[in-house]
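Engineer: So that we are looking at the same thing, I have put the structure below in structure tokens.
The values are calculated or read from the model by the stated rules, or taken from the named source; none is laboratory data. Because the structure is a prediction, the values reported are computed rather than measured. Here the Cβ positions follow ideal geometry from the backbone for every residue, glycine too, while neighbour counts run over all protein chains shown. Ligands, DNA and RNA are excluded from the accessible area calculation, which covers all protein heavy atoms including side chains. Shrake-Rupley method; radii C 1.70, N 1.55, O 1.52, S 1.80 Å.
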Amino acid sequence: GKIHFVAIASSTGGPAALAQLLPGLPKSFPVPIVIVQHMSEGFEQNLVDWLDKTTELNVGLADVGVTPQRGNVYIARPGTHLVFDRKRVLRVDAHTPPREGHAPSGSVLFHSMVRPFGAECLGLVMTGMGDDGSDGLLALRNAGATTLAQDAASSTIDGMPKAARENGAAMYVQPLNKLADALTSLTSLTPRA
């Protein structure tokens, strides 16, 4: 089915991996992207500024009540969860406690996407310690969504993607240098040369 949205969860090694992934996506990338990157408060604006310089897409912090638009990448703010409501509007959840020590949590974001998006989205778990994102990605796959995980060899820490591979959440497994082409082709664009 048609993919209308991409969500990514990453942790240790994530900033460098995102700085490799995002430049591989064309300016015409047809759907918005939301990223949960585990980080301490105070680092988020530096990450946004850095990633924005690497890509033709617009990178910014996710704001309350935003309906994500194509051509934009939204980074979750530290300390709160990012969730979607039934109308596909982004909401900040400051009440749910950290999940396994993480706020934002990739799994919280992925679980919130099941009802509004169902099969019409794509979830990706990238490098990181622990297993955040794996059960949320499995919920997306069970809802018919397209799901991916980074491979072990290209992950700085293979905890999160390994958990997503081992629990059957990931339909596809790709090395970091192939992820941009995978996202581009799965969202119905011709991959960049």
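Engineer: Since S107 meets every condition but one in (1) over 24 Å from G159 (Cα atoms); (2) polar (S, T, N, Q); (3) under 17 Å from the mean Cα position of the chain (by Cα), which condition does it not meet?
Structural biologist: With respect to (1) over 24 Å from G159 (Cα atoms); (2) polar (S, T, N, Q); (3) under 17 Å from the mean Cα position of the chain (by Cα), S107 is out only on (1).
Engineer: Name the single residue, out of those in region 122-176 being of a type in the set (S, T, Y) and out of contact with any helix residue (DSSP H, G or I) (no Cβ under 6 Å at 6 or more places or on another chain), that is nearest to A19 (Cα to Cα). Walk me through how you get there before you give the answer.
Structural biologist: So the first thing to find is which residues in region 122-176 are of a type in the set (S, T, Y), and the list is 127, 134, 146-147, 154-156, 172.
Those still in the list that are out of contact with any helix residue (DSSP H, G or I) (no Cβ under 6 Å at 6 or more places or on another chain) too: 156, 172.
Details: T156: 14, Y172: 21 Å.
Applying the filter and picking the extreme gives T156.
Engineer: Restricted to region 20-29, and to residues that are open to solvent by less than 30 Å² (accessible area, probe 1.4 Å) and over 12 Å from M126 (Cβ atoms), which residue is farthest from the chain's Cα centre (by Cα)? Step through it out loud before you land on a result.
Structural biologist: First, pick out the residues of region 20-29 that are open to solvent by less than 30 Å² (accessible area, probe 1.4 Å): 21-22, 24-26, 29.
If we keep only those that are over 12 Å from M126 (Cβ atoms) too, we end up with 24-26, 29.
Values: G24: 15, L25: 14, P26: 17, F29: 15 Å.
That would be P26.
Engineer: Within region 151-175, restricting attention to residues that are assigned to a helix (DSSP H, G or I) and either open to solvent by 20 Å² or more (accessible area, probe 1.4 Å) or of a type in the set (G, A, S) (or both), which residue is nearest to H111 (Cα to Cα)?
Structural biologist: As a first pass, look at region 151-175 and keep what is assigned to a helix (DSSP H, G or I): 159-166.
Subsequent filtering for residues that are either open to solvent by 20 Å² or more (accessible area, probe 1.4 Å) or of a type in the set (G, A, S) (or both) retains 159, 162-166.
Working: G159: 19, K162: 19, A163: 16, A164: 14, R165: 17, E166: 18 Å.
The extreme case among them is A164.
Engineer: Further question on the same structure: State all residues of region 124-134 that are over 14 Å from R99 (Cβ atoms) and either among the β-branched types (V, I, T) or assigned to a loop (DSSP other than H, G, I, E, B) (or both); if no residue qualifies, say none.
Structural biologist: So the first thing to find is which residues in region 124-134 are over 14 Å from R99 (Cβ atoms), and the list is 124-127, 129.
Passing the criteria: V125, M126, T127, M129.
Engineer: Now, a different point. Kindly list, by first and then second residue, each pair from a residue in region 53-65 that is over 19 Å from L21 (Cα atoms) to a residue that is among the β-branched types (V, I, T) and outside any strand (DSSP E or B), limited to pairs with Cβ atoms under 8 Å and residues at least 6 apart or on different chains.
Structural biologist: G65/V89
Engineer: Could you check R115 against (1) in a loop (DSSP other than H, G, I, E, B); (2) touching a Lys or Arg at 6+ places or on another chain (Cβ under 7 Å); (3) modelled with pLDDT of 90 or more and say which number it fails?
Structural biologist: All conditions are met except number (1).
Engineer: Look through L137, L148 and report the one residue that is of a type in the set (A, V, I, L, M, F, W, C), touching a residue at least 12 places away in the same chain (Cβ under 8 Å), assigned to a helix (DSSP H, G or I) and within 21 Å of T12 (Cα to Cα).
Structural biologist: L137
Engineer: So for region 97-108 (the condition being out of contact with any Lys or Arg (no Cβ under 8 Å at 6 or more places or on another chain), under 21 Å from N142 (Cα atoms) and buried (at least 20 other Cβ atoms within 10 Å of the Cβ)), does at least one residue qualify?
Structural biologist: Within region 97-108, one or more residues are out of contact with any Lys or Arg (no Cβ under 8 Å at 6 or more places or on another chain), under 21 Å from N142 (Cα atoms) and buried (at least 20 other Cβ atoms within 10 Å of the Cβ).
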